[in-house]
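Colleague: Before anything else, here's the structure in question.
The values are calculated or read from the model by the stated rules, or taken from the named source; none is laboratory data. All figures in this text were calculated on a predicted structure; none of them were measured in a lab. Neighbour counts are summed over all protein chains in view; Cβ atoms, including those assigned to glycine, are modelled from backbone coordinates with ideal geometry.
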Amino acid sequence: MPRTALRICPLCEATCGLTLTIEGTTVTGARGDRDDVFSRGFICPKGASFGALDADPDRLRTPLVRRDGVLREATWEEAYDAIAAAVPALVREHGAQAVGVVLGNPNVHTMAGALYPPLLLKALGTRNLFTASTLDQMPKHVSSGLLFGDPFAIPVPDLERTDFLLLLGANPVESNGSLCTAPDFPGLLKALRARGGKLVVVDPRRTRTARLADRHLAPRPGSDALLLAALAHTLLAEGLAVPGPLAEHTEGLGELGTALASFTPEAVAPACDLPATEIRALARELAAAPTAAVYGRIGSCTVEYGTLASWLVDVLNILTGNLDRPGGALFPLPAAGPRPRPAGPGKGFAMGRWHSRVSGHPEVKSELPTAALAEEIETPGEGRIRALIAIAANPVLSAPDGRRLDGALAGLDFMVSVDPYLNETSRHAHVVLPPPPPSQSAHHDFAFNGFAIRNQVRYTRPAVPLEADRLDECEIHARLVLAVSGMHGAAAPSAVDETAIQATLRKETADPHSPLHGEDPARLAGLLTGETGPERRLDLMLRLGPYGDRFGSEPHAEAAAEVRPGASGRGTDGAPEGGLGLERVLAHPHGIDLGPMRPRLPSVLRTRSGRIELLPDPIAAELPRLRAALAERPAALVLVGRRHLRSNNSWLHNVPALVGGSNRCTLQVHPHDADRLGLTDGGRARITADGGALDVPVEITDSVRSGVVSLPHGWGHDRAGSRLSVAAADPGVNVNQLLDGTRLDPLSGTAVLNGFPVELTPLP
Ligand code: SF4
């Protein structure tokens, strides 16, 4: 008899609740969970393919260990023996920096990816950390760190209540949102318009999101920072900047006008290729809206002035008084996140505490640019990366110049991949540790609840029991921590979790401001519930979190420092919001709604001044570079990426239902450019840029503006030694091969993946 089980979807940031149909141990269907407190039944084609992804025959079933140059199936014991024999010895001989760690995007979609990499990095003691952030959203972390003192204090547009939404470089109808966790983002955009609100989309492509908009502006790619600066300038120059109550928490308002003086609409219009009148009109409309939110995503981040654009998004929210107010952009308060602290000065946000060895890139958020990984492996000298641990990461496809990285990885002394597939990157590993299919893992979203448009908490236990020859994903990580620490065989994996629990409780009980000050950590640890180490850690985080029960010391103390009049104090399940712990969450399998986002200033601020620092020094120092861009002659042709509803990154290209049809790796070219260059629809062209050339099929469409071509990311599955049979059948080309890794947004170290110059020639 088929049965059903609940599972939070791990395939994009929307975190929809799914109801899985299971026959035996096989997931045979997936539909939206209508009772899910957050997603209310929404599902997209990716979620509906959960069963196919779960049962993909190309998934590795056992670890692989390289012997005589060949990856062969091995036992878990053999795999960890190999790691324990290699990594500690290498660190002893060459030092901690000889080991690099790469964390890929799917890490943030698993519990293991949230709980264990910090412990792994601590055990290794390396500063050579590279993640998907420097190929994606790092500019936003930097701007939040500088403005608010906390790189994770990212304001989220209040989609359910706003009257005006300005979207830049985002296509949530296809992606379902990013740094804005909102199941059924398309439905929320339609609801905004249905209630009389306005949607403005800024994108060089007429995306499906742009087609929903009241107004679509298609500027030259990479010019978002200039456009945003001109909007801010107009607000300031026309007396439309009305921060309201934000003014008392903000410093630098006076200096901002001078800093942005040269960015008039007329000055930026040629670079943006938009009429100045249109820019001015947009600024006035934004100011006049009863509430409004400005939101910029990947197209405004992975560009040359990504951090400035990310900063200006929030500058506009502040100048219009829309930051931290309902209908504007607010800071979520996740249940397993830190408890709000009293307002006051914090430590601030530091960057450049160390630099990369070869090119001297400053660290940001303890990370180095992923674009610099290859040179850190290849370049001889002290501190060279000789061993790499890649977790859910495929930088050969996701980082610039994969061919160079391919060569560099092949020269490593040792490499571990935690990955369910033998893909373009893991094929270089000496040991591959495959996590089980997602149906066999528990799930709580540690990352995305911090960006959710509604506070809520959900947890799903494994929908299907772990197969006999598998290891739980959290145990894979815990055993990896032990192996690199020289503790393989000397301690049980649960010791890793218990050590983390003890460390947290020791810190908490030593904090004079904590209601648990002076308590016995061992007694509190004994009160934790949960069947596994990760469950006990989740219980701890929930109990210490903003809605937690504090082990009974402060029952129902829900976010007391931040609750404002009007907060209901009750979830939609009718239960009081406070007093959370794992048991209570388990009693609500469809989740507990914790209410809409609420104002959180000033307690969210961790700057040294304790205020919003509107014009921080690193930003002020970067503005002259943006000013210089006003005089630059734009390239005749630039490239942007694109997203498809049935895709996410490279790892979703191996499911037959998710590829094919319109999800193809084609180069989209505007008819005018095609005419000018002699290209034909369905023909082929050679595209050339800094890093190399690619031969691509041409798709002529006026959905992309002239002067811009578009090629999707995550393709290029044609490397020998990978085991991705569906993806290899239609491999496409890897767009990042056009880059040599030298184009970076300097403040964040993020690779410029959009808006870089290219040349096109027709092929016979
Ligand atoms: S929108 Fe995202 S989370 Fe929701 S079903 Fe689709 S892939 Fe899963």
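Colleague: Test each condition in (1) among the hydroxyl-bearing types (Ser, Thr, Tyr); (2) over 27 Å from ALA399 (Cβ atoms); (3) surrounded by 19 or more Cβ atoms within 10 Å (Cβ to Cβ) for SER650 and report the one that comes out false.
Modeller: (2)
Colleague: Looking at (1) part of a helix (DSSP H, G or I); (2) under 24 Å from TYR80 (Cβ atoms), find the lone condition where ARG506 falls short.
Modeller: That leaves (2) as the condition not met.
Colleague: Which is modelled with pLDDT of 95 or more, away from the ligand (no atom under 16 Å from the Cβ), crowded, with 24+ Cβ neighbours inside 10 Å and closer than 30 Å to ARG386 by Cβ, of LEU115, LEU129, LEU135?
Modeller: Result of the check over LEU115, LEU129, LEU135: LEU135.
Colleague: Can you confirm whether LEU71 is surrounded by 15 or more Cβ atoms within 10 Å (Cβ to Cβ), within 13 Å of the ligand (Cβ to nearest atom), modelled with pLDDT of 95 or more and in a strand (DSSP E or B)?
Modeller: no
Colleague: Residues to consider are LEU53, LEU6, LEU11; find the one that is in contact with a helix residue (DSSP H, G or I) (Cβ under 7 Å, 6 or more places away or on another chain), within 16 Å of the ligand (Cβ to nearest atom) and of a type outside the set (Gly, Ala, Ser).
Modeller: LEU11
Colleague: Taking ALA495 as the residue in question, decide whether it is assigned to a helix (DSSP H, G or I), crowded, with 20+ Cβ neighbours inside 10 Å and in contact with a helix residue (DSSP H, G or I) (Cβ under 9 Å, 6 or more places away or on another chain).
Modeller: When the stated conditions are applied, ALA495 does not pass them.
Colleague: Taking the condition among the basic types (Lys, Arg), away from the ligand (no atom under 16 Å from the Cβ) and either buried (at least 16 other Cβ atoms within 10 Å of the Cβ) or at pLDDT below 95 (or both), does ARG66 pass?
Modeller: Taking the combined requirement at face value, the residue satisfies it.
Colleague: Check MET541, MET487 and return the single one that is surrounded by 15 or more Cβ atoms within 10 Å (Cβ to Cβ) and under 14 Å from ARG339 (Cβ atoms).
Modeller: Testing whether each residue is surrounded by 15 or more Cβ atoms within 10 Å (Cβ to Cβ) and under 14 Å from ARG339 (Cβ atoms) leaves just MET541.
Colleague: Name, by its number, the condition in (1) over 21 Å from PHE756 (Cβ atoms); (2) more than 16 Å from the ligand (Cβ to nearest atom); (3) surrounded by 20 or more Cβ atoms within 10 Å (Cβ to Cβ) that does not hold for GLY678.
Modeller: (3)
Colleague: Against the conditions (1) in a loop (DSSP other than H, G, I, E, B); (2) among the aliphatic types (A, V, I, L, M); (3) more than 30 Å from THR425 (Cα to Cα); (4) within 16 Å of the ligand (Cβ to nearest atom), where does MET1 fall short? Just the number, please.
Modeller: Just one mismatch for MET1, condition (4).
Colleague: Name the pairs whose Cβ atoms lie under 6 Å apart, with the first residue in segment 26-39 and over 22 Å from MET597 (Cα atoms), the second β-branched (Val, Ile, Thr) and modelled with pLDDT of 95 or more, and 6 or more positions between them or separate chains?
Modeller: Correct list of pairs: THR28/THR21; GLY29/THR21; ARG31/THR19; GLY32/ILE43; ASP33/THR19.
Colleague: Continuing with the same structure: Could you tell me which numbered condition ILE43 fails, if it satisfies all but one of (1) more than 16 Å from the ligand (Cβ to nearest atom); (2) surrounded by 17 or more Cβ atoms within 10 Å (Cβ to Cβ); (3) not in a helix (DSSP H, G or I)?
Modeller: (1)
Colleague: Follow-up. Which count do you get for residues in segment 362-382 that are assigned to a loop (DSSP other than H, G, I, E, B) and in contact with a Ser or Thr (Cβ under 9 Å, 6 or more places away or on another chain)?
Modeller: 4
Colleague: For segment 618-700, give me every one of the strands (runs of 3 or more DSSP E) that falls completely inside it and has 2 or more residues that are without any contact (Cβ under 8 Å) to a residue 40 or more places away in the chain and either under 22 Å from LEU738 (Cα atoms) or out of contact with any strand residue (DSSP E or B) (no Cβ under 6 Å at 6 or more places or on another chain) (or both).
Modeller: Answer list for segment 618-700: 692-700.
Colleague: Answer with yes or no whether ARG34 is within 16 Å of the ligand (Cβ to nearest atom) and loosely packed, with under 14 Cβ neighbours inside 10 Å.
Modeller: yes
Colleague: Could we say that GLY17 is more than 8 Å from the ligand (Cβ to nearest atom), at pLDDT 95 or above and not acidic (Asp, Glu) here?
Modeller: Criteria met by GLY17.
Colleague: Turning to a different aspect of this structure: Hey, does segment 39-51 have a residue that's in contact with a strand residue (DSSP E or B) (Cβ under 7 Å, 6 or more places away or on another chain), closer than 24 Å to ARG386 by Cα and not small (Gly, Ala, Ser)?
Modeller: no
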